[in-house]
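Let me begin by presenting the structure, written as structure tokens, before commenting on it.
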Amino acid sequence: MTRLINRLPRYTSITLVLTILVAVLALGFSSLTLWSGKRYHQEVTQQLHQNLAQYVLEHLPGPLVNPLSGEVDRKVLKSIAMNTMMINPSVEVYLLDLRGELLGHALPEASIDSASVDIVPIQKFINGARGPILGSNPRHVGQTSIFSAAAVTVAEKPFGYLYVVLASHEADTIAEQVSGSHIARLMTGGAIALSLFVVLGMFLSFRRFTLPLKRLSERVRSYRDANFKQSDERPEWQDEVAALESAFELMKGRLQEQFDQLNEADNLRRELVSNISHDLRTPLAAMQGYLETLLLKQESMSVEEQRTCLLVAHRHSEKLGGLISQLFELSKLDAGRVEPEFEVFSLTELLYDVKQGYEILATDNNVSLEVDAPLHTIEVKADIALIERVFQNLIDNAIRHTPANGRVVISLNIQGEEVSVQVSDTGVGIAADALPHVFKRFRRAVNDSPLDAHIGAGLGLTIVERILSLHDSVIEVESDRAQGAAFTFLLPRYDLTGA
């Protein structure tokens with residue numbers, strides 16, 4: 001029932017609840033009215049006939065009980081009973097002893113169900129108790145009726161009671177009259193019509209009052225469906241208030257996420273400024289130092305020493321230019337200004353071209369650069385320039401982290417409809433606590449190695465992760481300390497059918 005009400009519009013659910021309450025109240029009021037009406041009729045009837053039994057005793061045609069033998073004169077009892085019943089057919093006259101046992105009556109014996117009557121109500125009646133007092137009905141065991149009673153004395157001694165049942169079938173008679181009367185039908189029809197009018201009025205009023213809430217709820221629901229992910233948890237159908245509550249909870253959660261992201265971005269910004277200042281200042285200071293040395297000692301320096309200073313300054317200027325280029329590249333990726341241009345190309349040929357460009361660097365570092373790929377051509381559909389940049393960053397990173405006599409291997413493996421690309425090295429590896437942060441900008445894994453002096457600003461792997469995300473690919477890293485690291489990602493394979 002609760003789930004059904006929650007699925008209805010708010011004005012409908014309010015109207016339904018109030019309708020149920022009105023129906024329950026109307027039913028309770030009707031039952032109370034019938035019960036009170038019955039009790040009122042019983043009380044009035046008993047009050048009107050309160051002295052009936054005493055009146056009968058005072059107008060007996062003869063002695064009701066023989067004073068000598070104590071026997072009941074049944075002719076007298078039958079006479080007064082018949083006279084009384086002629087006036088009111090529903091009246092029944094009984095003679096009882098002091099314990100409530102029947103001593104005589106004017107009814108057929110077969111119609112009597114009980115030979116005794118509860119004496120307590122009779123005593124209450126004689127003592128003047130108020131309200132309708134109901135006593136036992138000898139003709140119907142378990143049924144009570146209003147009555148009139150008077151004490152019977154013989155030779156001024158208590159003998160029993162004259163017990164007059166006023167309406168033995170009163171309850172059934174009243175119920176039949178109430179249910180079958182024209183007035184009752186008219187009242188029932190009027191009550192139904194009034195209830196329908198009240199329900200309709202409540203429905204229209206609540207609908208009018210909740211119309212702005214409904215419009216707001218529909219706008220919130222449309223905004224939520226358009227701007228929130230389908231995975232956001234929410235019921236299939238909600239009323240206006242529940243929809244607003246759900247949208248508020250989603251908005252609160254989303255705002256909290258954005259606040260967390262802003263805090264993280266602020267922390268990254270601070271870290272970015274600090275790291276950029278350090279990474280830009282180091283090559284700039286070195287370059288400036290060698291140039292100042294060259295200017296101050298040019299006349300005393302040999303040509304070879306001058307050339308050495310210029311070469312070192314040039315190398316640091318290249319490093320500075322590379323860092324600035326990475327910053328611009330990452331900035332464009334973060335701003336979404338890089339749109340990949342997908343085309344079909346040979347991944348194998350691209351890999352060998354990139355490898356050839358790093359042969360000199362590998363040789364200078366005494367590192368073996370190898371390719372492990374199938375002999376046939378593997379084609380993929382991607383942005384060739386961006387994938388080339390991925391290879392360059394990964395290979396450059398691997399060579400610079402691999403000590404002399406180490407190996408860097410680039411492998412290609414076909415896995416169904418995808419191509420697995422892995423760049424592994426036998427370098428110093430990455431600490432386990434640093435693995436979750438290797439793709440975050442300016443988060444460099446410090447391995448207490450002399451090679452760390454050659455590590456760049458830590459932007460290369462971040463750029464790789466951003467580029468692969470544009471290709472719906474995720475890069476993963478595995479590393480064992482002092483045994484190297486392996487970076488792996490997948491690209492969709494392109495076959496001859498154009499898949």
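The table below gives the values:
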read-out: Dimensions in Å of the range 49-179 - Rg and Dmax from alpha carbons; value: 14.4, 54
read-out: In the range 70-132, GluC sites (Glu not before Pro) in a DSSP loop with at most 11 other beta-carbon atoms within 10 Å; value: Glu71
read-out: Cα-Cα over 29 Å, subset of Lys355/Lys381; Lys381/Lys440; Lys38/Lys75; Lys124/Lys157; Lys38/Lys157; Lys78/Lys157; value: Lys38/Lys75; Lys38/Lys157
read-out: log10 of Debye I(q)/I(0), alpha-carbon scatterers only, for the range 47-109 at 0.13, 0.19, 0.22 Å⁻¹; value: -0.35, -0.76, -1.01
read-out: Share of pairwise Cα separations in the range 353-394, more than 18 Å, in percent; value: 37 percent
read-out: For the range 346-355, 3J(HN,Hα) per residue [Karplus equation, 6.51 cos²θ - 1.76 cosθ + 1.60, θ = phi - 60°, Hz, x = Gly/Pro]; value: 7, 5, 5, 5, 4, 4, 5, 5, 5, 4
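Laboratory data are not the source of any read-out in this text; all were calculated from the coordinates shown. For clarity, every value in this text was computed on a predicted model and none was experimentally measured. Cβ atoms come from the backbone with ideal geometry, glycine included; neighbour counts cover every protein chain shown.
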